[in-house]
Amino acid sequence: MRAYLLWLVLATLLPGVVGASLLFVHQYQKARAQFEKNTLQTVRALVHTVDNKLLQGQSIAQTLSTLDALEAGDFARVHRQARQALVLAGGGMNMVLRDRSGQQLVNTAADYGTLLPVDGSPQLERVFATGKPAVSDVFIGPLRKLPSVRVDVPVQVGGELRYVLSIGMRPDYFQDILTPKSIPEGAVASLFDRQGIIFARNVNPAQSIGKPVNPLLRNAAARASEGTIDSRSREGMPLVTSYSRSALTGWGVAIGIPRAVLRAELLGQLALMVGGTAVLFAIGLCLAWLIGGRMARSLQALTGPALALGKGVKPQPVTGVYVREAAEVAAAIGDAASLLEERSRELAAKESALRETHMQARFGTWHWSLGSEAIEVSDSVPHIFGRPLPPFAQQRGTLLVEESWQQVQQLMTELVRIGGNGKLQLHATHADGHRIWLDYRCESVHGPDGRVLALRGSVQDVTDRVRAEEALRHADQRKNEFLAMLAHELRNPLAPITSGAQLLGQDGLDPARTRQISGIIARQARHMAGLVDDLLDVSRVTRGLVELSKQRIDINAVVLEAVEQVQALVRDKGHKLEVRTLPQPCHVFGDRKRLVQVVGNLLHNAAKFTDRGGEIAVTLAAGSELVVLEVRDNGIGMLRAELERAFDMFVQGERTPDRSLGGLGIGLALVRSLVELHGGSVGVASSGQGQGTVFTVRLPRCTERASAGLDAAAAAEASASNVKVLVVDDNVDAAQVLAMYVGAQGHEVQVEHDSTAALALAPGFAPNVCLLDIGLPDMDGYELARRLRRDPATARAVLVAVTGYGQEQDRRNSAAAGFDHHLVKPVDMASLEKILAGVASA
């Protein structure tokens, strides 16, 4: 380096000294030649600086082209990291990433997410074609519409040239070149591209940048790479212009000295040349020696950090750098090392998170190169199988069942032959012996010649999903079975009801026969109503719509009331029922009706599924906090699978073709829901088929003391008297049957089938009780009730809603309309008789 600088000084000074000595007569001409030569050297130095600037931009672009975010396709992170790097590298630059179509993917001159333009150019195509960096000419940027120049470098992703990364440089990036320090005073200096377009100028830059140089200069630069010519500035000033064009980039620098300034400068130099030549010569040698030494040491100091960066090792801080450009390179190396270290940590963290996600999702990837037995897998694959993945041939019968192995073999053979992709659902064996279901995907990997070189894919444990799908299929099957069962259960009571109705239509039936048929119809109607009530009951309970009327009650009384309800069934089947209550009252806090329903359902279940002459035992036990109820039978028992589903909705034991043990399969589901609403639990146990069943209910024991008061005695029933009853129902048969029943009790009955006629009849008839259907055609039962309440003749009448709607909301609606009672069809005649008796005794 020192030698080159010494030769540079000699080459600069000696020709002037020799020329001045030999051709003193032609001092002016020679002085001018020397001045032009000096100017040309300055131009060359500036061209060299321009090349350094452009190469610096290329180095930055090549550094940014290695960002990990490009490999991952994370353009937001590319944008952020590029901005940070360019801030560290200095101003006047921006980074642009484009694909083959010229579409800008990232532009640091705009915020990430801004809609970017398509920016294609022949240079872009050339970089993609050659894979080599290139420097552009001056162009107007598509985003900011300002003159710019860029350095393009190719970007390899996965071994493929996928993008071109460009470092765009604005004119202010070169502002430190054409400064007064580097340009003779009064000179006009320009930086221009290969086409002669000005990119930087020290005089009137705003009016000159982007415009062509003087035609004389452009033509001269086209003929020779450097030289000196007479020309004029863009402002019309006569100049002696020295220019030089870079052999590396094709860019050039021109310095034009005004002729008047040149003449004055040469005359002054002539006077000083003789005395100053020796001094300048000595100073030049000394400076060359000192500067050369500093530059050499600065460049040598960069060698170690550069090698360390290339090896991926963090370089040591650079010291002993005296040249600004070398210091900037050293700083850039340090920044690049820090960025690489940070990206390495982030990459390691993301890889760890990805591995953890794969573990949790039981998802893994694999890669199998043809001709190799070993299969490369992600860390999560052994976690899925509970063991390392052996070669494919060894998976047969061990890892994969035979059928699944054959499917994989067939798919891989096809993909190796014709390429493509495919997926399978496989049955595999975990290391601990249980079976798992796998979602298996595979695709072919092709080489440059199109041949299949490898297979890769993914595998995921989908056992939980497959089991869930199976559970849904079972639930759908139970729903279909329930619908068929419900149809059968409803047809059973409909058959005797239909037959009895037909018999009642025959003439000549004796009263005893009529009463028998009527009793059959009434029993079957109550049975159907019970089925519907059970369905509504379990629907309300499972949806949480049941409001419990809790109070402190004796569990002994609950059991005895439930036993009383099933006595008829127990007696009909000849069972022996043993009841063991507690010797002292034992209280729980609950709804008496619902708890009786729980015990009754369990007893009814035990009686129904125990062969004739069986034994059933009800036992109560109490602890300090719990009351335990046990219902034991020696009936048909349950299998293990039935025990697991005993309390599920619509689940029944094995059914016989004659449905002698029929039902809707909702009783035990209702039991569990009601017990849980009371804060308790219910369980079932059985030793197997034919070994009987034990149901155990546990309820929280109530420890509060009972109030000392006794229930008030029921009021004595007053003697009955005749009641006037108005029946309004648009169903003629239903109205007539209801009227016949009320009339048979000795009451006076009037029947109407629409609301208007009922309102016309009511004032004259003055009924004591009105039985009103809700779903009347012309005016619904709610409005009819409100109008009857407004009529003085019927304002005090007892209004009874007779309807097929029995939900809690329906009862609230009828009460709001003015009804005193709400009966659900088919009407429970005992409830109706109680209402009529209450009115008669009032």
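Throughout, read-outs are computed from the coordinates displayed, never taken from laboratory work. Just so you know, these numbers come straight off a predicted model, no measurement behind them. Positions of Cβ are generated from backbone atoms using ideal geometry, with glycine treated the same way; all protein chains shown enter the neighbour counts.
Given R₀ = 30 Å, FRET efficiency for D74-R465 by Cβ-Cβ distance, to 0.05? The partial results should precede the final answer.
Details: r = 31 Å, r/R0 = 1.02.
Here the calculated transfer efficiency is 0.45.
Return the loop-located GluC sites (Glu not before Pro) in region 328-435 (DSSP other than H, G, I, E, B) with at most 12 other Cβ atoms within 10 Å of their own Cβ; answer none if there are none.
Values: sites: E328, E341, E342, E346, E351, E356, E373, E376, E402, E403, E414; in loops: E373.
In loop regions of region 328-435 (DSSP not H, G, I, E or B), the sparsely surrounded GluC sites (Glu not before Pro) are E373.
How much space per residue, in cubic angstrom, does the convex hull of the C-alpha atoms of region 362-461 take up? Before the final figure, lay out the partial values.
Working: hull volume 8.4 nm³, N = 100.
So the per-residue hull volume is 84 Å³.
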Give me the aspartates and glutamates in straight-line cross-link reach of K132: C-alpha distance below 20 Å, same-chain residues under 8 apart excluded.
D51, E71, D99, D119, D152, E160, D193
In degrees, nearest 10, range 0 to 90: what is the angle between the Cα axis of helix 808-817 and the longest Cα principal axis of the chain?
70 degrees
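List, in the order given, every pair from K53/K181; K53/K311; K550/K825; K724/K834 whose Cα-Cα distance in the structure shown is over 22 Å.
Details: K53/K181 18 Å; K53/K311 26 Å; K550/K825 28 Å; K724/K834 15 Å.
Cα-Cα > 22 Å for K53/K311; K550/K825; rest within.
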In angstroms, what radius of gyration and Dmax does region 72-173 have, counting Cα atoms only?
12.8, 36
Once the in-chain neighbours fewer than 8 apart are removed, the aspartates and glutamates whose Cα is under 13 Å from K314 read D335, E341, E342
In degrees, nearest 10, the alpha-carbon axis of helix 592-608 is tilted away from the dominant principal axis of the alpha carbons of the chain by 80 degrees
Can you put Y440, Y782 in order, fewest other beta carbons within 10 Å first?
Y782, Y440
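Assign unit charges at the C-beta atoms only (+1 for Lys and Arg, -1 for Asp and Glu), then state the dipole size of region 546-700 relative to its Cα centre in Debye, rounded to the nearest 20.
On the way: 18 positive and 18 negative charges, 25 e Å.
For this selection, approximately 120 debye.
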Along the positive direction of the dipole of the chain (beta-carbon charges: Lys, Arg +1; Asp, Glu -1; about the Cα centre), which of F363, L40, L836 reaches farthest?
L40
Of (i) 33.1; (ii) 29.4; (iii) 39.0, which is the value of Kirkwood radius over Cα pairs in Å derived from the coordinates here?
(iii)
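Which percent, to the nearest 5, of DSSP beta bridges fully inside the chain are antiparallel?
Details: 99 of 123 bridges.
Percent antiparallel among DSSP bridges in the chain is about 80.
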Give me the one-decimal nm value for the distance between modelled label points at Q477 and A353, 7 Å along each residue's Cα-to-Cβ direction.
4.4 nm
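Test of understanding: what is the full-extension gain from E403 to Q29, defined as 0.36 nm times their sequence separation minus their Cα-Cα distance?
On the way: separation 374, 0.36 × 374 = 134.64 nm, distance 9.95 nm.
This chain segment gains 124.7 nm when fully extended.
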Straight distance only, please: which lysines reach the Cα of K576 with their own Cα at less than 28 Å, same-chain residues fewer than 8 apart left out?
K593, K608
Between the DSSP loop rule and a limit of at most 12 other Cβ atoms within 10 Å, which GluC sites (Glu not before Pro) in region 207-266 are left?
E235
To the nearest 10 degrees, how steeply does helix 259-310 sit against the main Cα axis of the chain, on a 0 to 90 scale?
40 degrees
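Among L88, L354, which comes first, then next, by fewest other beta-carbon atoms within 10 Å? All intermediate terms of the calculation are to be shown ahead of the outcome.
Details: L88 16, L354 13.
Placing the least packed residue first, the sequence is L354, L88.
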Under the classification rounded if a/c is under 1.5, otherwise prolate if a/b is larger than b/c and oblate if not, where does region 724-841 fall, given a ≥ b ≥ c as square roots of the Cα gyration tensor eigenvalues?
rounded
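Checking the a/c ratio against 1.5 first, then a/b against b/c, what shape does the Cα gyration tensor give for region 208-262? Present the calculation step by step, with values, prior to reporting the outcome.
Details: a/c = 2.03, a/b = 1.48, b/c = 1.37.
Prolate, since a/c reaches 1.5 and a/b exceeds b/c.
Taking the Cβ of Q394 as the centre, find all other residues whose Cβ is under 13 Å away and add up their charges (Lys, Arg: +1; Asp, Glu: -1).
On the way: positive: R387, R396; negative: E373.
For residues surrounding Q394, the net value is +1.
Would you calculate a helix-derived [θ] at 222 nm for the chain, using -39,500 (n - 2.57) for each DSSP H run of n ≥ 4 and dividing by the full residue count, to the nearest 500? Don't skip to the answer; put the middle values down first.
Values: 23 runs with 395 residues, N = 842.
Calculated at 222 nm, the ellipticity per residue is -16000 deg cm²/dmol.
Could you work out the local net charge near A331, counting Lys and Arg as +1, Asp and Glu as -1, over the other residues with Cβ closer than 14 Å to its Cβ?
Working: positive: R324; negative: E325, E328, D335.
Charge balance in the 14 Å sphere: -2.
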In region 392-483, which trypsin sites (Lys or Arg not before Pro) are in a loop and have at most 13 other Cβ atoms within 10 Å, using DSSP for the loop call?
R451
